[in-house]
Amino acid sequence: MNPKTFHINPDSRAAGSAAGAPQGLFRPLAPQGAIPDPPLSSAGFFPTRKQKGSPMSSKTVYAVITDRIIQALEEGVVPWRKPWRTIKPCSLATGASYRGINRLMLELATLVRGYSSPYWLTFKQAQARGGTIRKGEKGWPCMFFKAIEKDDLADTADDSSSAEKGPPRRVIARYYTVFNLDQCDGVTAPASPETTPFNPIEACEMIVRRFEPRGPAIHLGGNEAFYSPATDRVDLPLPQQFASPEHFHGTLFHECGHATGHPTRLARFETTSSMAAFGSQSYSQEELVAELTAAFLCAEAGISPPTLDQQAAYVQGWLARLRGDSRAVVTAAAQAQKASDFILGVTAS
């Protein structure tokens, strides 16, 4: 293998490495510690502070989020590989769609709980609308980031970075709890927007065309799917070699997700020749970014991500990764949101 080219075999993407990291493409990441974009600050939030006797007092916010993902994986559910299209979760208060890790979490909740409504709200928002959350219903965490004064750091021991010396103001992770509209009584649902018929495959092709002027070269032919940072080129087998057009575009979205990491785009890796060892932490982290980018783009186009021939091995690989780093999925979701925004040519509001 050319040391500057990173390959993926489309028939073995699900296989995990000996180190527990799923196979696939990668590019070494920029230095760790980047803070994901906050979600819906206008949707209302209720900071959860660490309190004695609280069952959450020993967990970081990252662990609260990651534990939900791990639980799903242990039950054989891969949150970013749903076999059907889901409606984007959005805030009932603002109508804005959730982004990054919050989008992933609420899509997971919809999947495992079978909710039919795309709308989410807090307990107080339900009360303000004359309704209530039904007794016994459990909410889901949504993450946000809050700037605090240095004097308040004693109250933020759930964030390991808070104990470090630094500037007077720090940014820490918090979460608030939201409920689906299906869990509420007495809250009126908004009128369903009119939908315009469209062809999902045409939507996929439009996404690719939109990215082409700013993206890598795309070459079709051969028997492998890979992105080469050195040549800034995506190679894929011919469309007819895939099981379906959805499989072809799902794989293409994955590779385009990797391509956003090029130094001329979002620069998740510093140079086109830098590389990390297969199975390393940086390798699997970039794979997760590409997986989530593909999931976001597939949802945008209205198709399902490709099915997995070796789902069990794939799941075990990600379980090992997430158990070893509670921040991995949160950081990857933020990077994937930026990658999908870049590919779509949209600016986050």
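Residues in the range 67-107 that are part of a loop (DSSP other than H, G, I, E, B), among the hydroxyl-bearing types (S, T, Y) and at pLDDT 90 or above: 2 in all. Is it true that A225 is surrounded by 13 or more Cβ atoms within 10 Å (Cβ to Cβ), within 21 Å of E291 (Cβ to Cβ) and touching a Ser or Thr at 6+ places or on another chain (Cβ under 7 Å)? In short, yes. Across the range 260-277, the number of residues qualifying as buried (at least 16 other Cβ atoms within 10 Å of the Cβ), at pLDDT below 90 and out of contact with any helix residue (DSSP H, G or I) (no Cβ under 7 Å at 6 or more places or on another chain) comes to 3.
The values are calculated or read from the model by the stated rules, or taken from the named source; none is laboratory data. Just so we're clear, the structure is a prediction, and the values are computed from it rather than from any experiment. Cβ atoms come from the backbone with ideal geometry, glycine included; neighbour counts cover every protein chain shown.
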